[in-house]
Amino acid sequence: MSEYSVAVVILNWNGLPYLQNFLGTVCEYSRADAEIWVVDNASSDGSVVFIQEQHPEIKLLILDKNYGFAEGYNRGLAQIDADIFVLLNSDVEVTKNWIRPIISCMQGDELLVACQPLILDYNKKECFEHAGAAGGYLDRDAYPFCAGRLFDTFEKNEGQYTGVREIFWASGAALFVKSKAYKDCTGLDGDFFAHMEEIDLCWRLKNRGFKIGVCGESSVYHIGGGTLNRMDPKKTFLNFRNNLYLIVKNDFESFFVLRLLRRMILDGVAAARFILEGKPAFFNAVMKAHFNFFSNTGKTWRKRISNKKNLANPNNHGRYRGSIVLEYFLRKKHFFKDLNPSDFA
C-alpha cells in the first residue's frame, strides 16, 4: 500500500473483555496494511492466554509489571520496528479502510508526523466521543478541547469535519505517529502515567515545528473510560496534575508564569465547585494533584530546560487565544463552530 511499514500496537492491562470484543475486527481491518501487536502490562485476567490461543497471528510483548499507558507504550515500542506506530486503545472498534487514508496523507507531508481518525462514540455511534472527537485544540490556559466535543456537549457526525485538518493535538485512543519523530523526542512521558501524555507529546512535536492532523476519511468507535471512568477521582487527579506538567514543560511564550498562576487559580475554582456539588473526593483529588505537582517541580523544570533546547520554529496552529471555559460557561458557545476562527493561531 505504501513504502511505510506500519505497526498497530494495543497496550493492554486486564482488558480481556475489550480484547474479546474488538481484537477480531482489528485483525480483519488492519492486517493487510500493518503488523498487529499487543503490549501487555502484566495482566492477570487471562488476556495473554486469550491472545495466544485465539489470535496466534498477533505479535505479543509481555512486560513484567503495569507501567501505565505512557511508559508501557515506551517499553513496547522500543522493541517494535516500523515507520509508523499506531497507538490503539483496546476499547476501540476500528472500521474498514481506517488505516490507508491516514498513511496516505502522512506520506504526502514530511512535516505531518502525527494524526488521528475521527473518534466516535461506540454506544452512540452518530456522535463524537470525548477522547479526541474530531481533533484536539488547546486554549490560552492550556485547557484541552476538541472539534466535535466541548466539555459535555457532543456533536453528531454529519460530515462537518471531512478532509485533513491541522490541529494542536491528536488523541492517544488512536494515534498515528512517525516512529522517528516519536523516538527523537523520547516518546511519551512516563511520569504522566496516564491521561494527557499524548497532548504533551504533540506539544513537544509542535515546538519542533512539526504538524499534527486529523483525517476525516477515517473513523473509529471508542467506548472510553476503559481504564478509568471519567468520574473517577483518580482520573481527576491525573488530569489536573498532568495539565500543570504540560504547561511547565512546553509553554515558552511570554508571561508563562502569569499563565501558570492563572491556571492554578482556575483549578481552585474547580475545586470549590466540587465542594459545592458535594464531591469531596474530587476536591481532594485537585488538592493532591497540586501537592504532587509542587513536589516534582525540580524534575519537571529540568524537562522544560531540555525541551527548550529543541525549540525550532514552533508551530502554534490549533492554539486558541481565548478561554474555552469563558466561551462555554459564560458566553454559552457550546459548539466548535461557534468559536471565532480568528481566535485560533
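Could you tell me whether Asn310 is polar (S, T, N, Q), within 30 Å of Met231 (Cβ to Cβ) and either modelled with pLDDT of 95 or more or surrounded by 15 or more Cβ atoms within 10 Å (Cβ to Cβ) (or both)? Quick ask: steps written out before the conclusion?
On the way: polar (S, T, N, Q): yes; within 30 Å of Met231 (Cβ to Cβ): no; either modelled with pLDDT of 95 or more or surrounded by 15 or more Cβ atoms within 10 Å (Cβ to Cβ) (or both): yes.
When the stated conditions are applied, Asn310 does not pass them.
Would you say Tyr137 is touching a strand residue (DSSP E or B) at 6+ places or on another chain (Cβ under 6 Å) and either closer than 27 Å to Leu77 by Cα or part of a strand (DSSP E or B) (or both)? When the stated conditions are applied, Tyr137 passes them. The residue list Glu93, Glu158, Glu166, Glu129 contains one member that is acidic (Asp, Glu) and over 18 Å from the mean Cα position of the chain (by Cα), which is Glu158. Residue pairs whose Cβ atoms lie under 8 Å apart, sitting 6 or more positions apart in sequence or on different chains, and linking a residue in the range 264-289 that is buried (at least 16 other Cβ atoms within 10 Å of the Cβ) to a partner that is of a type in the set (Ser, Thr, Tyr) and assigned to a helix (DSSP H, G or I), are Phe282/Thr236; Ala285/Thr236; Val286/Thr236; Ala289/Thr236. Residues in the range 161-180 that are touching a residue at least 60 places away in the same chain (Cβ under 8 Å) and either in the same structural domain as Ile247 (by TED's automatic domain parsing) or crowded, with 20+ Cβ neighbours inside 10 Å (or both): Ile167, Phe168, Trp169, Gly172, Ala173, Ala174, Leu175, Phe176, Val177, Lys178, Ser179.
So that you can scan it fast, the table gives a plain yes or no per residue for (1) at positive phi; (2) assigned by TED's automatic domain parsing to the domain that holds Phe193; (3) under 22 Å from the mean Cα position of the chain (by Cα); (4) at pLDDT 95 or above:
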site	(1), (2), (3), (4)
Asn12	no, yes, yes, yes
Leu19	no, yes, yes, yes
Leu23	no, yes, yes, yes
Cys27	no, yes, no, yes
Asp33	no, yes, no, yes
Asp40	no, yes, yes, yes
Ser43	no, yes, no, yes
Gly46	yes, yes, no, yes
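Write out, first by first residue and then by second, each pair whose Cβ atoms fall under 6 Å of each other, whose residues are 6+ apart or on separate chains, and whose first residue, in the range 191-219, is crowded, with 24+ Cβ neighbours inside 10 Å and in a helix (DSSP H, G or I) while the second is modelled with pLDDT of 95 or more and β-branched (Val, Ile, Thr). Note: pairs meeting the criteria are Cys202/Ile212; Leu205/Val113. Can we say Lys333 is not aromatic (Phe, Trp, Tyr) and not assigned by TED's automatic domain parsing to the domain that holds Asn239? Taking the combined requirement at face value, the residue satisfies it.
For the range 286-298, the count of residues that are more than 22 Å from the chain's Cα centre (by Cα), assigned to a loop (DSSP other than H, G, I, E, B) and either assigned by TED's automatic domain parsing to the domain that holds Asp191 or over 22 Å from Ser254 (Cα atoms) (or both) is nonzero.
Among the residues of this structure, Cys202 counts as one that is at pLDDT 95 or above, closer than 21 Å to Gly135 by Cα and under 14 Å from the mean Cα position of the chain (by Cα).
A quick yes/no check of all residues on (1) out of contact with any strand residue (DSSP E or B) (no Cβ under 9 Å at 6 or more places or on another chain); (2) in a loop (DSSP other than H, G, I, E, B); (3) within 17 Å of Ile199 (Cβ to Cβ):
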site: Ser306; (1), (2), (3): yes, no, no
site: Ala312; (1), (2), (3): yes, yes, no
site: Leu326; (1), (2), (3): yes, no, no
site: His334; (1), (2), (3): no, yes, no
site: Ser342; (1), (2), (3): yes, no, no
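Of the listed requirements (1) touching a residue at least 12 places away in the same chain (Cβ under 8 Å); (2) more than 30 Å from Asp45 (Cβ to Cβ); (3) of a type in the set (Ser, Thr, Tyr), Ser306 misses just one: (1).
Which residue, of Phe151, Phe69, Phe85, is touching a helix residue (DSSP H, G or I) at 6+ places or on another chain (Cβ under 6 Å), within 22 Å of Val26 (Cα to Cα) and touching a residue at least 24 places away in the same chain (Cβ under 8 Å)?
Criteria check complete, one pass: Phe85.
The values are calculated or read from the model by the stated rules, or taken from the named source; none is laboratory data. Being a predicted model, the structure only gives us computed values, none of them experimental. Cβ atoms come from the backbone with ideal geometry, glycine included; neighbour counts cover every protein chain shown.
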